[in-house]
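Reviewing the structure listed below.
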Ligand SMILES: NC(=O)c1ccc[n+]([C@@H]2O[C@H](COP(=O)([O-])OP(=O)(O)OC[C@H]3O[C@@H](n4cnc5c(N)ncnc54)[C@H](O)[C@@H]3O)[C@@H](O)[C@H]2O)c1
């Protein structure tokens, strides 16, 4: 099972690690007489298994795929922060293969997964695309909510939290459960305004899919706009800060959260990074707090003399002119109480619409 990283490298995904392990597996197959199945679990653009992995395996093994060994694609849908739980209880098993023997082998591999979990048997390229299409849909939901938030901000008397709540109440998003009570569909949590998506998957997968489709002669204007809208979230946040501060230059701004989302220490493509970079460019001095991330992300290390990583939430807030909440950590439920004790109260900017605006003396929030 190949599960190495596939970062996006400018124009396409970097397949170096996939190639390296594929060659190693192929070489190992050379000396084997028994039938083996090689499975691609890494997220790879549609067609990669057919056009890159299979030829490399055949070359390195001197054997023929489909006859001497099998090749499958089994994309991973787990959510970071709940990886083990999601792996043990997946929502679906997408089993891509060119032949039934591989499909059967994959089903046997997952025999311990409850029978109710749907198994989708398909070909390798379709399986690869299912992964990208799934992430593209989630990213689209996020950028959609963020565009509605910008309309609310411009209106001045509409609140995106209520707007999206009203949208969620549709039967499509909140169907009635077996006992007649409404059940909110989990996708509703992606239809919430904030400071954008990040992490190691959504941005990278969207860029990879749009670039790969362009190479096939297909433009994906919706998904290109999803990325552009996401990249503009740091502007939206700075626009909330500006009116409340005499000047951003020399203002002391505390950024709450470095992880791209709660329950992980992953800072890859975290929305906090472009926000901090923008603040530094504008001349603000920045203090950052995160309950689990204990090191500045690589992109900010060159600026480490201008960005302080606070040891505690209290310390991070102590000298702030403004506080910007970027990651929805539960720890930040304490923030209203801590800020209420400060004189004069700093401006609080809620980049996730996590806290009750009535609890702040000076408040600005996304989409309100
Ligand atoms: N992280 C997620 O939540 C997630 C979810 C779904 C899919 N994916 C996909 O899974 C793949 C892996 O993602 P990740 O987040 O685990 O990446 P990662 O960079 O955290 O981990 C990759 C692992 O591969 C190892 N590796 C790299 N080159 C190797 C080599 N030549 N030989 C052996 N091992 C090697 C690294 O040491 C590392 O342990 C990617 O394609 C990603 O898109 C990740």
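Scanning the stretch 65-74 for residues that are within 14 Å of the ligand (Cβ to nearest atom) and assigned to a strand (DSSP E or B) returns a single hit, 73.
Does the stretch 46-64 include one or more residues that are out of contact with any helix residue (DSSP H, G or I) (no Cβ under 6 Å at 6 or more places or on another chain), near the ligand (Cβ under 10 Å from one of its atoms) and not assigned by TED's automatic domain parsing to the domain that holds residue 260? Scanning the stretch 46-64 turns up no residue that is out of contact with any helix residue (DSSP H, G or I) (no Cβ under 6 Å at 6 or more places or on another chain), near the ligand (Cβ under 10 Å from one of its atoms) and not assigned by TED's automatic domain parsing to the domain that holds residue 260.
Only one entry of 104, 91, 86 meets the criterion of being surrounded by fewer than 22 Cβ atoms within 10 Å (Cβ to Cβ) and either not in a helix (DSSP H, G or I) or not assigned by TED's automatic domain parsing to the domain that holds residue 22 (or both), and that entry is 91. Of all residues in the stretch 75-93, those satisfying the criterion of being within 12 Å of the ligand (Cβ to nearest atom) and either in contact with a helix residue (DSSP H, G or I) (Cβ under 6 Å, 6 or more places away or on another chain) or free of Cβ contacts under 8 Å to residues at least 40 places away in the same chain (or both) are 75, 78, 79, 83, 84, 86, 87, 90. Criterion first (over 25 Å from residue 297 (Cβ atoms), in contact (Cβ under 8 Å) with a residue 24 or more places away in the chain and within 16 Å of the ligand (Cβ to nearest atom)) does residue 131 satisfy it? For residue 131, the condition - over 25 Å from residue 297 (Cβ atoms), in contact (Cβ under 8 Å) with a residue 24 or more places away in the chain and within 16 Å of the ligand (Cβ to nearest atom) - is met.
Using the structure shown, decide if residue 30 is within 16 Å of the ligand (Cβ to nearest atom) and farther than 23 Å from residue 95 by Cβ. Taking the combined requirement at face value, the residue does not satisfy it. From the list 60, 127, the one residue that fits, being assigned to a helix (DSSP H, G or I), at pLDDT 95 or above and closer than 19 Å to residue 42 by Cα, is 127. Each residue in the stretch 274-307 was checked for being crowded, with 18+ Cβ neighbours inside 10 Å and closer than 23 Å to residue 344 by Cβ, and 6 of them qualify.
Considering only residues in the stretch 3-23 that are near the ligand (Cβ under 9 Å from one of its atoms) and touching a helix residue (DSSP H, G or I) at 6+ places or on another chain (Cβ under 8 Å), the one that is nearest to residue 110 (Cα to Cα) turns out to be 4.
The values are calculated or read from the model by the stated rules, or taken from the named source; none is laboratory data. Note that the structure is a prediction, hence the values are computed from the model and not measured. For neighbour counting, all protein chains shown are included, and Cβ atoms are generated from backbone atoms with ideal geometry for every residue, glycine included.
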